[in-house]
Amino acid sequence: MVPWSELPVELLEAVEDNVILYVDKVRLCSVCAPWRSALTKLPQPRLHQTPCLLLQYDDNNVATCGLFSPLYNKFYQLELPELAEGKLFKGSSHGWVVTLGDSPSLCLINPLTRAQLKLPPRSSFPDVVKYRSDKINNEYALRDAYDRNAFYTLDGRHVRNFLTKKIVLSESDDYLAVAIYGEFGRLAYCRKGYKKWVHLHGHRCPYEEVKFFRGLLYALNCSGKLLICEVGACPKVTKIIDLGRTTLGDNMAYLVENSGALLMVERYRRRCQTTRKHKTNSFRIFKLDDVAHGFPSLIEVKDLGGDALFLGLNLSSSISCGDFPDCRGNCIYFTDDSDDIIGQEGIQGVDFDMGIYDLNDGNIETLSVPEQHSLSSLSTNGYDPKEQLLLKLRAVS
């Protein structure tokens, strides 16, 4: 009998043609090194996506990630030594995750192929006056938001945890990357080949969410202002629209594409008086109708039909549950996006704010990850469903 490792590439390609789920592609790549090498070089199929959580283990297994399907309650392991040295996931788009450690290096990593691309470093952001790698814990001198002639210092871990919120990429090969950064949630961008990040001028209120949609960039801030930006050689704001809704305080907002429309999802949270931790209690969904023309109307959506939303800090998306019988339609799957857990260690026992919200009756079913996997911490990111993973958890050392 011919060993599995010697199976001709033509047969492997025929097998892959029948794979429709991303987790099955992971299984194929895990059979042996020759299969992984051959399969990752083949053209990527348009895989149907189920929600998967990409989890970083504790410090003893920092090079290994767990791929968890909450729909099927199954775990898969991915070897990713590129995630060593306490790196966090800071965003994901089109099959790439953005990683940032204590040092300023920002990388794009494809978890399946382990390919890497470099982004301009965190030390090149507009808020950085100087970066000192020779200082203990990698010291940043940061420009004061109120006085541009003044600055203050923070260590690399603080900048990693709290001053680099998320980074998203456009779909083109000559990608545009946009980041929410700094103490006051400003916007910056870079293109492929840039050496530094460039400030994107707009409204001064902190930004909660950014998303590429139909060739434009949309950015939502906490005062309910929606910026629409052209994404030419030098992105610029073309419209600022007041949606009349704010997410100040403990609440959050997301931008999600669903059935060709752009949705704004508001997440309402309360802080537990005993644990001081946030817990989600409800959601509201609004369709941004005719938003690109500058005269949008907010239409509340109370029924998603056969669709489900998946909300994460760094990417949110939707799927049709008709393709996935185990996925619950007219529901919102969400994970813990709060700052409460960022940078903490040894918090396996934390009651994470993650679950399934049913739009039919407003009930929330708690989702939990098996404790034996000893995760260092949880929060959310995601993959674009057009390419690979739908949803992931950001891990913190």
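The values are calculated or read from the model by the stated rules, or taken from the named source; none is laboratory data. No experiment lies behind these values; they were computed from the predicted model shown. Here the Cβ positions follow ideal geometry from the backbone for every residue, glycine too, while neighbour counts run over all protein chains shown.
Of note, Asn258 satisfies the criterion of being closer than 30 Å to Lys192 by Cα, at pLDDT 90 or above and not charged (D, E, K, R).
Conditions (1) surrounded by 13 or more Cβ atoms within 10 Å (Cβ to Cβ); (2) under 27 Å from Leu217 (Cα atoms), marked per residue:
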{"site": "Ala141", "(1), (2)": "yes, no"}
{"site": "Arg157", "(1), (2)": "yes, no"}
{"site": "Leu163", "(1), (2)": "yes, yes"}
{"site": "Asp173", "(1), (2)": "no, yes"}
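Answer with yes or no whether Ala308 is of a type outside the set (D, E, K, R), at pLDDT below 80 and either out of contact with any Cys (no Cβ under 7 Å at 6 or more places or on another chain) or more than 28 Å from Lys87 (Cα to Cα) (or both). No: the conditions fail for Ala308.
Hey, among the residues in the range 207-232 that are outside any strand (DSSP E or B) and free of Cβ contacts under 8 Å to residues at least 60 places away in the same chain, which one's nearest to Phe286 (Cα to Cα)? So, considering only residues that are outside any strand (DSSP E or B) and free of Cβ contacts under 8 Å to residues at least 60 places away in the same chain, the one nearest to Phe286 (Cα to Cα) is Gly224. Quick one: in the range 110-125, which of the residues that are modelled with pLDDT of 95 or more and in a loop (DSSP other than H, G, I, E, B) is surrounded by the fewest Cβ atoms within 10 Å (Cβ to Cβ)? Residue satisfying both the conditions and the ranking: Pro121.
Just to be sure, is Lys386 modelled with pLDDT under 70 and of a type in the set (Lys, Arg)? Considered against the rule, which asks whether it is modelled with pLDDT under 70 and of a type in the set (Lys, Arg), Lys386 comes out as yes. Scanning the range 176-206 for residues that are touching a residue at least 40 places away in the same chain (Cβ under 8 Å) and among the aromatic types (Phe, Trp, Tyr) turns up Tyr181, Tyr189, Tyr194, Trp197.
Among the residues of the range 226-248, the one identified as modelled with pLDDT of 90 or more and under 20 Å from Arg267 (Cβ atoms) is Leu226. From Gly260, Gly224, Gly244, which residue is surrounded by 17 or more Cβ atoms within 10 Å (Cβ to Cβ), of a type outside the set (Lys, Arg) and on the phi > 0 side of the Ramachandran plot? Criteria check complete, one pass: Gly224. Taking the conditions (1) touching a residue at least 60 places away in the same chain (Cβ under 8 Å); (2) assigned to a strand (DSSP E or B) in turn, Thr238 satisfies each one other than (1).
Scanning the range 221-264 for residues that are touching a Lys or Arg at 6+ places or on another chain (Cβ under 8 Å) and closer than 17 Å to Lys165 by Cα returns Asp250, Asn251, Met252, Ala253, Tyr254, Leu255.
Can you name every residue in the range 204-221 that is surrounded by fewer than 19 Cβ atoms within 10 Å (Cβ to Cβ) and among the small types (Gly, Ala, Ser)? Within the range 204-221, just Gly215 meets the criteria.
It is to be established whether one or more residues within the range 181-202 are more than 19 Å from the chain's Cα centre (by Cα) and within 19 Å of Leu88 (Cα to Cα). Within the range 181-202 (the criterion being more than 19 Å from the chain's Cα centre (by Cα) and within 19 Å of Leu88 (Cα to Cα)), the answer is yes, since at least one residue qualifies. Checking each residue in the range 64-96 for being in a loop (DSSP other than H, G, I, E, B) and at pLDDT 70 or above picks out Leu80, Gly86, Lys87, His94, Gly95.
Evaluate the range 138-148: report whether one residue or more is basic (Lys, Arg), modelled with pLDDT of 90 or more and not in a strand (DSSP E or B). No, the range 138-148 has no match at all.
Could you grab me the full set of residues in the range 183-212 that are closer than 24 Å to Gly312 by Cβ and touching a Pro at 6+ places or on another chain (Cβ under 8 Å)? Of everything in the range 183-212, those that are closer than 24 Å to Gly312 by Cβ and touching a Pro at 6+ places or on another chain (Cβ under 8 Å) turn out to be Phe184, Gly185, Arg186, Ala188, Tyr189, Cys190, Trp197, Leu200. Scanning the range 188-203 for residues that are touching a strand residue (DSSP E or B) at 6+ places or on another chain (Cβ under 6 Å) and either surrounded by fewer than 21 Cβ atoms within 10 Å (Cβ to Cβ) or within 21 Å of Leu311 (Cβ to Cβ) (or both) yields Arg191, Val198, His199, Gly202, His203. Look at Arg143 and say whether it is touching a helix residue (DSSP H, G or I) at 6+ places or on another chain (Cβ under 8 Å) and basic (Lys, Arg). Spelling it out, it is not the case that Arg143 is touching a helix residue (DSSP H, G or I) at 6+ places or on another chain (Cβ under 8 Å) and basic (Lys, Arg).
Restricting the range 175-187 to residues that are in a loop (DSSP other than H, G, I, E, B) and surrounded by fewer than 23 Cβ atoms within 10 Å (Cβ to Cβ), the residue that is modelled with the highest pLDDT is Gly185.
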